[in-house]
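Notes to accompany the following structure.
Derivation of every value follows stated rules applied to the coordinates shown; laboratory data play no part. The structure presented is a predicted model; accordingly, all values stated were derived computationally and were not measured.
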């Protein structure tokens, strides 16, 4: 799983380069972002602009990252394609995660 990390103020931006978050990619996604959480990151924007598919394992992995965050931590999704938004709506995870159009909106939502 190819991830690119950057910081905007106190917000960690994670750009997911690969087009799929599935059973194959999820363990590495959880390990790489989980390491950042363990090192103190607690406000995260996931840039999903390149992601075409998120399966149930991927959703579970992302949800586990949210649960791993300390109190006051949050994850915001940015740049979601229509297929990803549809999956979030079907699973009602659009009620759990904020979904915004751009990384900049995500950073603003988390209060850089």
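For n ≥ 4 DSSP H runs only, could you compute -39500 (n - 2.57) per run for the chain, divide by its residues and tell me the 222 nm figure to the nearest 500?
So the helix-based figure for the chain works out to -11500 deg cm²/dmol.
If I take all pairs of Cα atoms in the chain, what percentage of them are more than 23 Å from each other?
16 percent
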